[in-house]
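Student: What follows is a structure written as structure tokens; I'll ask about it next.
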Ligand code: LP5
Ligand code: MN
């Protein structure tokens, strides 16, 4: 009895070794789990559900649906790269969308799931940008444009984001410790699992006398990995692409 957690795969056609690693994970490892939780940034970016017609996207959705058919429940949360994933993708992948944050009872331990970007409160420019693009009206207007136009705007934005990141310190782009403490305090939860920062680790926090653990999931750029949680607790497992 266990569940698996992954995030930040940033899947795209130009990383074939990682795509093969993900396929192997879905075929050999994930079917033994009751549930697979994908905590955001599953895709390098998502321009809208009409991009499901892209054969790469169709294949990935089909891979998830195949896993669901084998009996593993699939949950997905939006990341900052793929917050436009919507109903058509969820249907094709046979996945359920989770709001950020989501609270679950994980084999008796109350556990809070997040993508992680909202914890990076020192990154003020990003947080302002986030408020804008998460707005319903902004998204309606963005999605009303032709797919090709949306993709080229995203490519422009990616360049701008990389440029801005090169001027931000590592601390600014990590979680803010007060934001973590306030989240754990407000939720009263002893365990938090998130991704986004690409700094995999298990952190211990003492909040108002309560001992909490915070698991940060790894990205899947050069290698991959997942968190496996059961009644006895969680363990991080690394994955390496075939040579
Ligand atoms: O993604 P990552 O980890 O590299 O960096 C993030 C933050 N950057 C982003 C931007 C995404 O990478 C771009 C892809 C999103 C696709 C979404 C599709 C729909 C939106 C389309 C909009 C045209 O999330 C980065 C953080 C970093 O995490 C660490 O937390 O620092 O934040 C930024 O770099 C944002 C800048 O600081 C602010 C950007 C302002 C841009 C304003 C112009 C908006 C309109 C652009 C139109 C071309
Ligand atoms: Mn992210």
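FYI, it's all coordinate maths here, none of it is from the lab. What you see is a predicted model, and the numbers here were worked out from it, not measured in a lab. All Cβ positions, glycine included, derive from the backbone under ideal geometry; neighbour counts span all protein chains shown.
Student: Would you mind calculating the gained length between residue 201 and residue 20 on full extension (0.36 nm times residue separation, minus the Cα-Cα distance), in nm to one decimal?
Tutor: Additional length available on full extension: 62.7 nm.
Student: Among 225, 71, 209, determine the one that fluctuates most according to a GNM of the chain built with springs between C-alpha atoms less than 10 Å apart.
Tutor: Largest GNM mean-square fluctuation: 209.
Student: Note down the nm distance, to one decimal, between modelled labels 7 Å out along Cα→Cβ at residue 102 and at residue 155.
Tutor: Placing both labels 7 Å beyond Cα along the Cβ direction yields 3.3 nm.
Student: I want to verify a result. In a Gaussian network model of the chain, Cα cutoff 10 Å, which of these has the top mean-square fluctuation: 16, 31, 101?
Tutor: Comparing 16, 31, 101 in the GNM, the peak value goes to 16.
Student: Given just the C-alpha atoms of the stretch 148-206, how large is their convex hull per residue in cubic angstrom?
Tutor: 124
Student: Between residue 163 and residue 141, what FRET efficiency follows from the Cβ-Cβ distance if R0 is 22 Å, with the result rounded to 0.05?
Tutor: It comes to 0.35.
Student: Could you let me know the centre-to-centre spacing of the stretch 1-22 and the stretch 52-66, using Cα atoms, in angstrom?
Tutor: Result: 13 Å between the Cα centres.
Student: Can you give me the C-alpha center-to-center distance between the stretch 162-231 and the stretch 108-129, rounded to a whole angstrom?
Tutor: Here the two parts' Cα centres lie 8 Å apart.
Student: Out of 143, 211, 67, any idea which swings most in a Gaussian network model of the chain, alpha carbons joined below 10 Å?
Tutor: Of the options given, 211 has the highest mean-square fluctuation.
Student: List 138, 220, 215 from most exposed to least, where exposure is judged by having the fewest other Cβ atoms within 10 Å.
Tutor: Fewest-to-most Cβ neighbours within 10 Å comes out as 138, 215, 220.
Student: Here is a further query. In square nanometres, what is one fourth of the surface area of the convex hull spanned by the alpha carbons of the stretch 131-243?
Tutor: Its Cα hull, projected and averaged over all orientations, spans 11.0 nm².
Student: Which number comes out as Rg/Rh for the chain once both Rg and the Kirkwood Rh are worked out on C-alpha atoms?
Tutor: 0.95
Student: Per-residue ellipticity at 222 nm for the chain, helices alone: DSSP H runs ≥ 4 residues times -39500 (n - 2.57), over residue total, nearest 500 deg cm²/dmol?
Tutor: -10000 deg cm²/dmol
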